[in-house]
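The values are calculated or read from the model by the stated rules, or taken from the named source; none is laboratory data. As the structure is a prediction and not an experimental result, all values here were calculated from the model. Because the Cβ atoms are built from the backbone with ideal geometry, glycine has one as well, and the counts that use them run over all protein chains shown.
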Amino acid sequence: MTYLTRMRIAGFFVLLGLLAGCAVSPVTGRQELALFQVSTSEEISLGQQTFPRALQQMGGEYDDPQLADYVRQVGEKLARISQRPDLPYQFKVVNDSTPNAFALPGGFIAISRGLLAALENEAQLASVLGHELGHVTARHSVQAMQRGSLLGLGMAVLGGGAGQGGYGVVAQQAGQLAAGLLENTYSREQERESDRLGVDYLVLAGYNPQGAVQLQEYFYRKVEQGAEPMWLAGLFRTHPFSKERMLDLQQYVAERYAPTAGDPRYVLNQQSFARAVAGLRRMQQGYALYDQARQFEEQGQLSRAIAVYLQAATAAPDQALILTALGTAYLKTDDLAAGQQHLSRAVQLDGQYYRSRLGLGYLLLEQKNYPRAVRELEASMALLPTLQGAYLLASAYEGNRQIGQAVEMYRAVVKADSEGRLGQAAAERLQALERP
């Protein structure tokens, strides 16, 4: 080993010593080695900045206020009796057919429409939310950053004020961190810890722990029968499941909570759950058709996709996500009139999904209706800053003679995508605008 190599290694360990510390788990009280410390306020900041982006990346919130309120109430009941009741918890239903649930640092938790529709009672819903709550209280997502896998992005977001508007490196980093946290795979030990914490919360909140057992048995049947692609792409990708995990949970419930068996104080609440999800289940056929249409579109079969999207829109009327996909598909065929009809309706129904506003903004830009294009594209960027949205917004600013804002946005695109198609196109527009 050369002297220079030894010095580099020594320097690395000095740096590691400066960054490293011990984080204390709020659940176990154990000290855990961490590359950098994340305080509670920083953990909350990370969640606040990444959660809205994560929701947008997964289809936005599902538009059913009564169902949203029901899920929130169940989640808050569990959060109040957890080890960290003072976090600013949010519980959302995300408009995604893939059966999934996720938790971000600071108490930001979501369950997908697809998983919610597969459940049978409130105790099972509480089991899902309680499991995700366990990941929050045990700081599992934070541990992923503290141990280095998302270290750079986490530090950049904390240091850069990523919640600010506009599009630039910091906004990019917040979006990348949101995607990284969604893709973060928990270890078997973390899953086991969250399973047990979820059961504890379930019982303390007055639910029958058999709800958790039922849920895991259902997951096992999915695995045993050969999980469908959506399960493999969703919950089972980030939450590894096994027969051993199910048996461990069954044993935990049997040993610790045997007295709850047959005790009427511990409920499953099947009827209240059925009432809450009745509207969602009426839309299931339409969303099944929507999923088929998306597959056709991904395969390049646009005409067939549009035909099935139209069937989906009939089976599940006034669903903004379906209308957004239909309108966007029409844009790809250059049928601007049909595209505008469906995208305008989607925005009218629910203006809180970035793709609806982005598609409508693009269409208005094509029609040279620059003031309205600016409005829609600014709304899209506020919901989820994207490279495509930034370039289109710069073009709309230019058309609307807001040259200073156009130059600023084009520069942001060039900086973010210097070698890419949009970055090079933005560079050309900059040269034209800045030419004496």
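Please return the ranges of helices (runs of 4 or more DSSP H) entirely within region 179-284 where 3 or more residues are of a type in the set (D, E, K, R) and modelled with pLDDT of 80 or more. First the steps, then the outcome.
Numbers: elements: 188-204, 210-224, 229-233, 235-238, 243-256, 270-276, 278-282.
In region 179-284, the matching helices (runs of 4 or more DSSP H) lie at 188-204, 243-256.
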_The lone exception for Arg401 - which of (1) modelled with pLDDT of 95 or more; (2) closer than 25 Å to Gln49 by Cα; (3) assigned to a loop (DSSP other than H, G, I, E, B) it fails_ = (2)
_For Arg281, only one of the following conditions fails: (1) over 23 Å from Gly206 (Cβ atoms); (2) out of contact with any helix residue (DSSP H, G or I) (no Cβ under 9 Å at 6 or more places or on another chain); (3) among the basic types (Lys, Arg). What is its number?_
(2)
*asked:* I'd like the residue in region 382-392 that is farther than 16 Å from Leu363 by Cα and out of contact with any Asp or Glu (no Cβ under 9 Å at 6 or more places or on another chain) and, out of all such residues, is surrounded by the fewest Cβ atoms within 10 Å (Cβ to Cβ).
replied: Ala382
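From Gln352, Gln285, Gln367, Gln348, which residue is within 22 Å of the chain's Cα centre (by Cα) and polar (S, T, N, Q)?
Values: Gln285 fails: within 22 Å of the chain's Cα centre (by Cα); Gln367 fails: within 22 Å of the chain's Cα centre (by Cα); Gln348 fails: within 22 Å of the chain's Cα centre (by Cα).
Criteria check complete, one pass: Gln352.
Kindly indicate which of Pro436, Pro385 is under 25 Å from the mean Cα position of the chain (by Cα) and not in a helix (DSSP H, G or I). Don't jump to the end; show me each part of the working.
On the way: Pro436 fails: under 25 Å from the mean Cα position of the chain (by Cα).
Exactly one residue qualifies, and that residue is Pro385.
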*Restricting attention to region 183-222, and to residues there that are among the acidic types (Asp, Glu) and over 17 Å from Ser141 (Cβ atoms), which single residue is surrounded by the fewest Cβ atoms within 10 Å (Cβ to Cβ)?*
Glu217
*asked:* If a residue must be surrounded by 23 or more Cβ atoms within 10 Å (Cβ to Cβ) and more than 17 Å from Leu349 (Cβ to Cβ), how many such residues does region 309-328 contain?
replied: 0
*Do we have Ser418 as assigned to a loop (DSSP other than H, G, I, E, B), among the small types (Gly, Ala, Ser), more than 23 Å from the chain's Cα centre (by Cα) and not assigned by TED's automatic domain parsing to the domain that holds Tyr62 here?*
yes
_Which numbered condition Ser395 misses (of (1) among the polar types (S, T, N, Q); (2) closer than 23 Å to Ala174 by Cα; (3) touching a residue at least 12 places away in the same chain (Cβ under 8 Å))_ = (2)
*Of the numbered conditions (1) in contact with an Asp or Glu (Cβ under 6 Å, 6 or more places away or on another chain); (2) under 23 Å from Asp417 (Cα atoms), Ser395 fails exactly one; give the number of that condition.*
(1)
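Given the structure, is Tyr330 closer than 22 Å to Met58 by Cβ, among the hydroxyl-bearing types (Ser, Thr, Tyr) and in a helix (DSSP H, G or I)? Walk me through how you get there before you give the answer.
Working: closer than 22 Å to Met58 by Cβ: no; among the hydroxyl-bearing types (Ser, Thr, Tyr): yes; in a helix (DSSP H, G or I): yes.
The answer is no for Tyr330.
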